[in-house]
Structures are given as structure tokens and as C-alpha cells.
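Below is one structure; the comments refer to it alone.
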Ligand SMILES: [Zn+2]
């Protein structure tokens, strides 16, 4: 089965699966952002016990994929906002602004 992941919500980088058993971790190869989801082995009861109080959840990978791919609806204003945030590192580099002097 093919689990197609949407690009990283922060940098647009390519994500990959990093763990599968008790936690399914999906992380961005470019910026390191990652999220963890319930894995293939869970304590939640279902019809496939594997011992040690754990159960096999064959739908965990598709659930994790769907959760990673779910994005909040954004309007044009917040799209413009996130575009500005994506440009920030380039702006800082161009003007040689010290990160530490930026006011929050
Ligand atoms: Zn990223």
C-alpha cells in the first residue's frame, strides 16, 4: 500500500516515516520537524492481540498518514503571512540581522 505524505507544512521539504511499531513518527528530512502518531502496536484493544497487553492495529499507518496530511484551512491573509515567515531566513541573511537582536 502506498502512503503518500504531503510536503512539510513549514518548509515544503520531503517527509519520511521514521518509526513504525509503538509510535509512527513522520519527519521532515529538510528542517527536522516531526510528529508522532499511534503506532502499529497499541494497548487499545482490538481483534488482533500480540501479547504483553498489546494489539496490532493495521490501520495505524493510514491513520498517521491522514493526520500528517490534514491541514487547517487557511485564508489568503494567513497564506501571505506564512509566505513571509518562509522568507524570514533569507531576509535575515541578506541584511545580516542577528537573530538575537530580533524582538519577539
Ligand atoms: Zn520541513
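Read-outs: derived from the displayed coordinates by stated rules, not from any lab. From a predicted model like this one, the values you see are computed outputs, not experimental measurements. Don't worry about glycine lacking a Cβ; one is built from the backbone with ideal geometry, like all the others, and counts go over all protein chains shown.
Grab the Cα-Cα distance for residue 67 and residue 18, subtract it from 0.36 nm times how many residues apart they are, and report the gain in nm with one decimal.
Using 0.36 nm per residue and subtracting the Cα-Cα distance, I get 16.1 nm.
For segment 15-73, with equal point scatterers placed on the C-alpha atoms only and solvent neglected, what are the log10 I(q)/I(0) values from the Debye formula at q = 0.28, 0.30 1/Å, to two decimals? For segment 15-73, the Cα-only Debye profile gives -1.09, -1.18. Inter-label distance, residue 43 to residue 56: 2.2 nm, where each label sits 7 Å from its Cα along the C-beta direction.
Legend: ranking of residues 55, 3 from fewest to most surrounding C-beta atoms inside 10 Å; resulting order 3, 55.
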